[in-house]
1. Could you list all residues from segment 251-282 that are modelled with pLDDT under 80 and either in a loop (DSSP other than H, G, I, E, B) or under 20 Å from the mean Cα position of the chain (by Cα) (or both)?
2. Could you check I241 against (1) of a type in the set (A, V, I, L, M); (2) open to solvent by 60 Å² or more (accessible area, probe 1.4 Å); (3) under 30 Å from L390 (Cβ atoms) and say which number it fails?
3. More than 24 Å from the chain's Cα centre (by Cα), within 16 Å of D66 (Cβ to Cβ) and either open to solvent by 40 Å² or more (accessible area, probe 1.4 Å) or of a type in the set (A, V, I, L, M) (or both): is that true of D141 in this structure?
4. Show the residue pairs that are 6+ apart or on different chains and have beta-carbon atoms under 9 Å apart, the first residue being within segment 67-85 and part of a loop (DSSP other than H, G, I, E, B), the second being at pLDDT below 80 and buried (at least 18 other Cβ atoms within 10 Å of the Cβ).
5. Considering segment 286-316 alone, what residues qualify as being farther than 25 Å from A242 by Cβ and open to solvent by 70 Å² or more (accessible area, probe 1.4 Å)?
6. Would you tally the residues in segment 212-226 being of a type outside the set (G, A, S), free of Cβ contacts under 8 Å to residues at least 60 places away in the same chain and under 28 Å from Y135 (Cβ atoms)?
Amino acid sequence: MFIKNKLVLLLVLTFVVSTNCLIFKDLKITTNTEAFLLDTFGFQKGGSSTMKIKMNKNKNDFWYLDCIENQYKGLVLEEDTKICSDLTKNKTLCLVQQEFSPDIDIKRKAQKEDYEYFLVINCGKKEEITFTFDYTFVNPDGQYLSLGQIPYPYLYLVFGSVWCLLLIIWFVNWYTHRDQQIKLHRLLTVILIAKIVKLFFYYAEWNYLSKKGMDNYTLLIARATYTCIFDFIFYTTLLMIASGWSIIKPRLSFKEHLRIGLPVLSLILSKELQLYFELSWFGFILLIILAFSYFYILRFLFEYTNYNIRSLQFQLLMIRDAGIRPITTPIYSKYQLFRKYKTSLFYYICLSILVYGLSIVIVRYRWIIGMCSLIVDLILYIGIGFTFCLRNYNELFDDPPPLEEPVNRTNDGYEQLKSDYDDNNLETWVQGMPLPRVERSDEELLSESVVYIENVGKKNKVDLGHEVPKEKK
């Protein structure tokens with residue numbers, strides 16, 4: 001059942017890794033399969049296709065088929081012998097069905113809006129054959145984009161304009177509070193500008209495709225290079241925020257830079273190279289490297305975010321021991337930030353997976369998938385920008401001085417705090433007041449059970465929970 005098995009696989013590959021070829025000259029393909037799906041294209045009414053195929057051998061048992069979507073789905077469900085039998089009996093299965101003799105030269109116009117599938121079927125002996133293809137697909141008004149791709153240029157133009165508006169707002173905020181900027185703001189500005197350049201580059205590329213029909217090598221190399229640079233900046237920024245850079249840590253060590261940079265570099269290179277070697281054994285190895293890189297980056301994001309949450313929790317308890325109300329300090333704001341950041345990452349990943357799933361289901365209007373992906377990115381960036389934007393006083397960037405005498409915590413102290421909910425006995429923190437700091441290794445904080453501090457009720461009381469860290473023996 002070659003149609004049922006292989007064409008289903010080819011259909012999925014076509015929609016997931018769709019080449020969407022518009023113009024091809026002298027494309028040579030050598031195959032020994034019974035069925036080969038050459039391409040698929042969405043035509044508007046009046047669109048035209050030109051197909052020229054040459055075969056290196058004079059074979060009379062090869063057929064060329066041009067089917068609309070419903071016809072193609074019918075072929076997928078049919079047995080191979082029945083399809084070949086129907087073809088030899090001249091039973092109509094597709095819009096065009098012609099036997100090789102040994103060449104094919106067909107021009108036709110679409111009578112209605114629909115997707116068409118172009119394939120070659122071998123109804124004879126299985127052997128290796130080389131085909132040379134020259135074909136052109138074009139919609140009315142010289143539009144070379146497929147039906148589901150036509151809105152892409154306008155989509156990237158609109159979203160590029162929205163990002164330009166965000167950049168203007170960001171620059172106004174930066175200039176208004178320019179004395180308070182930190183290194184993180186510079187990196188966020190670079191990402192914002194890079195995203196705008198990326199969107200307008202995609203707009204120019206899709207506009208070029210709509211008029212010319214094919215990417216040239218310059219555009220392909222430029223797109224791959226810029227995508228690598230942008231993805232490196234994007235993933236690096238997410239990991240640096242998770243590590244606490246510029247929020248808890250003024251700088252990262254060389255070892256931390258390697259932990260961030262190497263996995264991101266591995267992810268980007270394997271993702272780009274896998275597109276070119278996906279059907280080879282090297283492509284399979286790259287796919288494994290890509291999966292491990294994603295796993296490491298996700299593990300880093302959540303593990304280090306959890307570490308910062310635990311560290312700040314422990315510091316908040318020390319602040320309460322020092323007689324200061326924890327929820328009035330910048331430490332509490334940072335604690336809340338990392339909890340929200342962790343939740344935001346989780347929802348961002350879920351939405352990205354959902355969009356990828358929709359890309360398999362929605363095959364007719366591909367631009368909807370692109371729009372959903374752009375909206376998800378926009379929401380993430382707006383959330384990050386609003387969180388880290390400059391204000392007259394932003395507690396996230398306040399670094400209070402340490403206490404001269406550190407506060408030592410004991411189990412007795414925890415038991416005392418568990419029953420102490422009267423915040424009136426604690427002093428309200430004011431800017432410049434010293435606070436106790438946590439001097440502990442990553443491994444200790446990641447492994448120790450720490451109570452959770454929550455802001456509950458309208459009276460801003462602090463619930464310290466019921467879990468007490470165990471003493472180390």
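The values are calculated or read from the model by the stated rules, or taken from the named source; none is laboratory data. The structure presented is a predicted model; accordingly, all values stated were derived computationally and were not measured. Using ideal geometry, Cβ is built from the backbone for each residue, glycine included, and neighbour counts are taken over all protein chains shown. In case anyone asks, the SASA skips ligands and DNA or RNA and just uses the protein heavy atoms, side chains included. Shrake-Rupley method; radii C 1.70, N 1.55, O 1.52, S 1.80 Å.
1. Across segment 251-282, the qualifying residues are Q274, L275, Y276, F277, E278, L279, S280.
2. It fails just one condition, (2).
3. It is false that D141 is more than 24 Å from the chain's Cα centre (by Cα), within 16 Å of D66 (Cβ to Cβ) and either open to solvent by 40 Å² or more (accessible area, probe 1.4 Å) or of a type in the set (A, V, I, L, M) (or both).
4. L77/I3; E78/I3; E79/I3
5. Answer for segment 286-316, where residues must be farther than 25 Å from A242 by Cβ and open to solvent by 70 Å² or more (accessible area, probe 1.4 Å): just L287.
6. 8
Yes/no matrix, rows are residues, columns are (1) at pLDDT 70 or above; (2) assigned to a helix (DSSP H, G or I):
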{"residue": "S352", "(1), (2)": "yes, yes"}
{"residue": "G357", "(1), (2)": "yes, yes"}
{"residue": "S373", "(1), (2)": "yes, yes"}
{"residue": "G383", "(1), (2)": "yes, yes"}
{"residue": "F386", "(1), (2)": "yes, yes"}
{"residue": "L396", "(1), (2)": "no, yes"}
{"residue": "E404", "(1), (2)": "no, no"}
{"residue": "V407", "(1), (2)": "no, no"}
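The rows are residues; the columns are (1) hydrophobic (A, V, I, L, M, F, W, C); (2) open to solvent by 10 Å² or more (accessible area, probe 1.4 Å); (3) in contact with an Asp or Glu (Cβ under 7 Å, 6 or more places away or on another chain); (4) at pLDDT 85 or above.
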{"position": "Y117", "(1), (2), (3), (4)": "no, no, no, yes"}
{"position": "E127", "(1), (2), (3), (4)": "no, yes, no, no"}
{"position": "F159", "(1), (2), (3), (4)": "yes, yes, no, yes"}
{"position": "I182", "(1), (2), (3), (4)": "yes, yes, no, no"}
{"position": "I193", "(1), (2), (3), (4)": "yes, yes, no, yes"}
